[in-house]
Every structure is written in C-alpha cells, then in structure tokens.
Amino acid sequence: MSEKITFGAWLRQQRRILDLTQQVLADQAGCARITLRRIEADVLKPSKELALILLEKVGVPEHERSQWVAFARGLTDLPIKQAVFFQTNPITNVPAQITTFIGREKEGLEIITLINKHRHVTLTGSGGIGKTRLSLKIGGQVLADYAHGVWLVELAPLSDPALLSQTVAKVFGLAVQSDIPLIELLVNFLRGKTILLILDNCEHLLDVCAHLADTLLKNCPNLKILATSREPMGITGEAIYRVPSLELPNVQLLLENFKDYESVRLFEERAQLAQTEFSLTLDNASFVAQICSRLDGIPLALELAAAKVSMFSTKQIADQLEESFNLLTGGSRTALPRQQTIRASINWSWGLLTESEQTFMRQLSVFAGGWTLESARAVCDGEVLGLTSSLVKKSLIVLDQTRPEFDRHLHLAQVQVREAGSERRYHFHEVMRQYAREKLVDAGEVEDIRNRHLKYFLEVSKQAETALRGPAQAEWLARLEDELDNIRTALEWADKNNAVEAGLFLFGRLGRFWYYDLQEGQRWADKFTRKAESNAYPHARIKALNTQGHILDGMEQSTLARSTGEECLALCRACGDQHGEVDALILLGFIGGKTDVELLQQALALSKTLGDVHRQADVLLALGWDHSDPRRARAYWEEAVTLFRQVEDWGSLIDGLNALGWYILLNGDIETAQKLFDETLTLNQRFKNRPPSEWSLISYGRIALMRGNFEQARAFLQEGISGAESSGSKQPYNWFRSYLGYVALREGNLTEARQIFSESAQGFQKNKNSIGVVFVLEGLAGVYIATGKPEQAAQLIGWADATRERIPNARPLLEQADVDRDIAAIVAEIGSSAFGVAYDAGRGITLDEAIALALE
C-alpha cells in the first residue's frame, strides 16, 4: 500500500468495510460526529486516547495498536502489516437479557425461516407464553442479516393509538420539526434501509398497528416486521406463528433425561435465583414435573412458581397449584386454556402476598413505562424499599437493565448507552401490570391513585422548568425521556378528569422538552388551551401559550405562532405576570427568523428591571439576529454568551456560540470561528438526546469550501440536507441546498449550481424568506458570469444590493468579497458604463421580476 495513504483515508475505508456510518462510529468512540469527520478529512489528528478507542472499534488487535497510534498521530507511515477488521457489535436497541433464555431452539429456527420467507411475521399466543422474550432472542440471532439494525418498539406502556407513529419515530431518532405527517417521515426514513422492526405487544393497538405495518411494508422494500400480539393483525402478507408452551416432561423419565425438557430447565434455573442451593433430585423431580404440567409450560407462570421455592417445598407448590386450579375451574381436572392457566398462577401468587404487598402492587399499576423508588414513594403507600425488594425476589416486578438506545434526534445507526436517569427503574411484566390494574379497579382506588400520580408529575414538571435552563439540563432531559409514558399518562388523566389547570402547567412547564418533539407538544397544547375552562387559570394558561407559541414557530407556522404570542402577552399584562411578559415579548420579537427590535428592546428593559439574567441572555441572543447593524449584533451575541456561561445554560450557550461563530466566520476569521464551533461540539456531548446543530454542519461546510476542500464541504451539507428531509424542516433544507449550490459553482459544475440555485430561490420565495432569495440570486450571478451573461449578473447584483438596504441586512465581509470579485469580472467583460446601466436597472425591479430574471 502506498506510503501516501493517510490515517483519515484508512479509517474511512475501514469504517465503510464495516458498513458503519460516521455517526455510529463517533458514538461508539464517544466523540462528536464532526470530530470524526475532521479526522477522516485529515484536518485533525486524534489524541492518543481517541486513536486507541477508534482502533479498538474497527477491530485492530490490542498488541498492534501502539504502532497504529503513531500512524494516527502523523508520526509514522502506514504500518506495513494490513488486515481487514470486522465489527462484532451490530446496530440494535434490543436489550441484553439478565436471565438466560431456556429452550425454544426449534421455535426459533421456524420463526427465522418464516422471517426469511415473509416480510411480516406475527407471534401470537396468550399472555405470559413468552412471545416478547422469543422475539428479542430472535432479534439478537439475526442481527448480522440487517445492515441498518434490529430495532425494538415497546408498545405495552402506550395507551393512545394516536401516538403509535411517534413512538416508532422516536426509536429511529426522527426529530419532528414540522407538521409533515409522521407516517411520511417514517416512510422517507426507512425506504432505503435494511431493518428488522420488532413491534412488541400490539394487541391493544391492533388497528393502528395494522395500518402502520401495511403502509411501511408497501413503501419500504427492505423493511421486515416481527410483531408480538395475542391476536394477529389480519393484513395481507402477515405470516402467523402461534407460540407453543415449553416442552413438558414425562414423570416416568429418569432424572438424567429429565433436564432435557425446556420447562424443567427454566424452573430449575429460576428456582436457583430464589434459593441458590436448589437442585433437581430424584425426590423432587415428580413434583417439578407436576408443576410444569399444571402450568402448561407457560414461562411466566413457571417463573412465578419457581420464585416460591424459598418459602415452600416443590411438593407444597404442586399441591397449592392443584388446589388453586380446582377452585378456579370448579373441580374440573380437564386441560385448561392457556389464558386461564396464567391467571390461575397469578391468582395463586397474589394470594400469597401480604395485604401491604397487594396494596403496593395495585398502586404501582398506575405507572406507565416503569417507575423509580422516588416516584413510588410519592404515589404509593407503605415502606417502598422493603416492598420493592420483596416483590423483586418474588418475580412480580422487574428491575430494568441499562441498554443501548437509538438517539431520537439523530440519523439512523446512532447508538448510545446511558444509565436510565439517576435512579434505577422498575417495571411489571405486562400481564402482571394488567392484573394489578384490574385489582386497582376492583378496589375502587383508581381516581385516588391517578390523582396522586398526576400531582407527583406536576411537581416533577415544576422542578424540570428550572432545571432545563441550568447546569443539570442534560440529566433532566434524560429523566424526562425516561418518564415520557408517565407524563403522557398524567396528561391523559388531566384531560379526562378535566383537571385543566394541572394539564396546562404540566404541558407548559416542559417547554424545552417538547421542542425535541414538536408534534406531540402541539397535540397536548391543543387539548388544554382549547378548553373553555382554561381561561379561569391565567397563570397556567400563560405557561401553555408561551410553550405552544415556540412549538408553532418551530413547526414553521408563523401566523399561528404570532397570534398565540399576542394572546399570551395580553394575558401577562392583564394579570401582572412580568416574567411571562418577557417570555411573550421574546416569542413575538423573533418569529420565523425575523426580529422585531422594538419588542425585544422592551423585553430587555423589563428583564433588567427584574434582575433576570437568564432572560436578558435570551433577549440578547434574539437581538443579535437584527442585521441592520452587524457590529452591534456581534456585541449582543458576545454579551449573551457571557451571560449564558454565568447561569450555566449549556444548551443556550451552544446557540449563542454558533451564532457568534457564524458572524465571525462570515467576516473572514476562520480560526476564531472554528474554535467557537469546536466548543459547541464539546458542549453538545453533554446532551445525549440533542441533535448536532444545523449551524455546525453549515459552518463546517462553509469552512471546508473556503479552504477549497469541496468533497468535505459536500459531505457536511449533504448530511444537513438528509436531516432536514427526515424532519420536514423547510428553511434549513433551503439553506443547506443553497450552500451546496455555491460548492457546485466553485467546482465549476455550472449546470448543477444553476439547478440548485433555481430550486432554492423558489423555496425561499414560497416561505417568504427575502434574505434567502438574495443569497441565492447572488450565487446565480456567479453562474451567469461563468456562462457569458454579464448583464443579467449585474442586474441580479443590483437587485440584491437594493433589497439588502431595504430589509435591512448588510452583506458580511466574506460574501462582499465574492460579490466584489463578480463585479470586477463583469466590468472586465462589458466595461464600467454598461455595468452601471444593468446594475441600476436591477435595483428597480421587484422580487418576482428578479426571480423571473434568474430563472430565464
């Protein structure tokens, strides 16, 4: 291999051999995607520590890494010994299992054969039969067959069918930033990817699951779906596999053959978890066989029975099971249906609980998606720690395990591993949760417990409102993500029970959280702000309206955002809420990317009067986007950055640094700008669910363009385009495309440049973004110069100058240098007099005329 090969080129080659995206490898190495891209582009040498991690991830043997580190650091040439290294950890969010998987080898092979033959397979069977565990086992076995991974969507906690598409989108990291239908986002995202999607526990959402599966399968040719449900979906192409019970023993078999049976092995292993010294013997074999037969080989029932060996002998367990089933069936000794079997097993387990344990189990059923000890203490009665420990030992509640998750705001194949919040979480088997829920209803305790649940999460939202703007915001975003199903449950109860004030506060206080999922945020906003009773709670309504206004602005619904902000401002002034008034003024002062300086100056004065440093910083950040005085804009951003550092609002600091860096970059100071952008990437690593900034991608693309690295510039901009397409964000899409047009122009690809500029100009015009049109037509002027049409180019420059003066939006130094160069080229071609005539003519034309001229 040639000595000229660089580490960046070698690393890129290895990554592609392993079929890894830059995002996946960056996540595995614990660095930012931009950092990895810069390493692959040979503009950055990795540190020794990062080099070692990258080498490990692409499979370089440990004993060879030292020489490769020297190569990565630019100290030696490429090591002569070459090898192709293969990745051993495919992409998935399927959780690791804490207990071993017993048996099912035959069923697994049969299901894998079905998946290979059909694109949609549904595992059916009664609750507790093991459908979920079997699907996860199979998902792990077939990982290597799916280039873009095996992804699990857990539907048991989901009660609202309307949230199905959103739940699936969250697994794939789709950042919903517009009102484009979620099903369309999913189709666009999955269309070109090879994925196995596991939809677990579909029975309570059959209609919407069937519609979703049908739509995705018809539009995404390389997608396959493995579903679990108590009944089939009933759509065309669905292959149904009825999951049988575990293989049962014959009591007469010798002990050495006895352990060959799956149900026996499962019982023995789970019994050893409860009593470490338990083992199968000739004395207890017949009783274990009776237990397995009585429970029809149903895994969950067997686990519940095995957990009792610390309290009873196997004979006592077998006898009590016999009595329990006789009571249930009126003495009938005929074979029982599976659903009746598991209910009898749970009934028996329930009957062995103390009254306090039963109460605790009932109350825990209010939680959706799990709970922590803290939330259990707030909602439930009793000594929570002791009760939890007891029920875990009895296999009635389950301790969650840390598992990989797909970051919901990044592109496919980003995997992250994090501890789920600061506390361990617990959950029920879904069958057990339903059973406990029935007991809660029977006890007449639903209203009281759901009110407690709502009250607790209302208090959580109060804490989160402050925390989401401070140094702990990353941890709180992770915590709220963990609690999303519980937040939904609380909001649903507030809606159903007409607890309007609580609903308004719970939704409104979580503003920054909803910004990562705008569609769901808008859904809850509509539910509560449209209720007539909401007018009776002005302070709560103010919170909700402000959050809703920002959501609407993020969804590019500027008119609705403005009317919402105006109502919010009027309400704040009517009830004397000055902090809310500042927020409303900020909202109204920066909608659709346009600044209203008068309103923002009012907000700045009021925030200073209140001594609210945080809100001052927010106002200054918005004021910086007033382009009438670029130097003043820089001063605003510099002050905002200082204040954000002071209050340790790292998320807003990222926004401030990006804005300031962009200004500095466009005025020609590449090195200073890059330092600011690099800092934003470092800060961004604090946020496990925050997407890379659009500004980062555009900025690094612009830097690469300025340095003449067209390939790298294209890579940055194409990544941004893909993200904007996935999220349906129109404005970012147009900006990324317009910069790509400049790359094509610099490369000399004039046909491509003209096409991109033409499409972008129409896109900006449709969205009423005047400065976007100006920027694009300035690029088209360069195309016209290169194609021998200097008069048209001069007219476009004249129109652009006049429009910038009218807006106003002064041209940055970097862009002015480009225009000056174009003007010099025109003058050299047709002379200064002819240029002046064409330029003046351009200053007098309208926007529509300029677009028409550009598109000739």
Next item on the list: Work out the length of the dipole vector of the chain about its Cα centre, built from +1 on the beta-carbon of each Lys and Arg and -1 on the beta-carbon of each Asp and Glu, and round it to the nearest 20 debye.
Entry: 860 debye
Next item on the list: Output the relative contact order of region 7-72, whole-number percent, from Cα pairs under 8 angstrom with separation of 6+ residues.
Entry: 35 percent
Notebook entry, point to check: If we count other beta carbons within 10 Å of each Cβ, what is the order of Leu847, Leu653, Leu796, fewest first?
Noted result: Leu847, Leu653, Leu796
Next item on the list: Quick one: of Lys131/Lys308; Lys594/Lys766; Lys170/Lys439; Lys106/Lys137; Lys57/Lys193; Lys527/Lys768, which pairs are farther than 21 Å apart, Cα to Cα?
Entry: Lys131/Lys308; Lys170/Lys439; Lys57/Lys193; Lys527/Lys768
Notebook entry, point to check: region 646-715 to region 113-149: how many Å between their Cα centroids?
Noted result: 42 Å
Checklist line | Contact order normalised by residue count of the chain, Cα under 8 Å, 6+ apart, percent | finding: 9 percent
Check: In which sequence would Met432, Met555 go, from the one with the fewest C-beta neighbours within 10 Å to the one with the most?
Finding: Met555, Met432
Next item on the list: May I ask which residue of Gly788, Ala673, Ala834 lies farthest towards the positive end of the charge dipole of region 673-854, with charges of +1 (Lys, Arg) and -1 (Asp, Glu) on Cβ and the Cα centre as origin?
Entry: Ala673
Next item on the list: Can you pull the one-decimal nm distance between simple spin-label points at Arg242 and Ser47, each 7 Å off the Cα toward Cβ?
Entry: 6.0 nm
Next item on the list: Check each of the trypsin sites (Lys or Arg not before Pro) in region 516-588 and keep only those in coil by DSSP with at most 11 other C-beta atoms within 10 angstrom; list them in order.
Entry: Arg530
Next item on the list: Just the isolated ones, please: cysteines in the chain lacking another cysteine beta carbon under 4.7 angstrom.
Entry: Cys31, Cys220, Cys292, Cys380, Cys568, Cys572, Cys575
Notebook entry, point to check: Which of the aspartates and glutamates could a cross-linker bridge to Lys394, judged by Cα under 13 Å and excluding same-chain residues fewer than eight apart?
Noted result: Glu303, Glu357
Margin query: Let's test the formula: R0 of 30 Å, r as the Cβ-Cβ distance of Arg746 and Lys594. What FRET efficiency results, to the nearest 0.05?
Written below: 0.50
Checklist line | Coil-residue trypsin sites (Lys or Arg not before Pro) of region 737-792, DSSP, other Cβ within 10 Å capped at 13 | finding: Lys768
Item checked: For the chain, calculated [θ]222 nm from helices alone, where every DSSP H run of n ≥ 4 adds -39500 (n - 2.57) -> -19500 deg cm²/dmol
Checklist line | Globularity ratio of the chain, using Cα Rg and 2.2 N^0.38 Å | finding: 1.09
Item checked: Highest average packing first - 805-815, 390-400, Cβ atoms within 10 Å -> 390-400, 805-815
Notebook entry, point to check: Counting alpha carbon pairs within less than 8 Å and at least 6 residues apart, what relative contact order, in whole percent, applies to region 673-854?
Noted result: 15 percent
Item checked: Approximate spin-label separation Phe710-Leu109, in nm, with each point projected 7 Å along Cα-to-Cβ -> 5.7 nm
Checklist line | Whole-Å distance, taken between Cα centres, linking region 261-305 and region 540-619 | finding: 64 Å
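Taken together, the values in this text are just the output of simple stated rules run on the coordinates, not laboratory data. Keep in mind it's a predicted model, so treat the numbers as computed, not measured. No Cβ is skipped: glycine too gets one built from the backbone with ideal geometry, and neighbour counts run over all protein chains shown.
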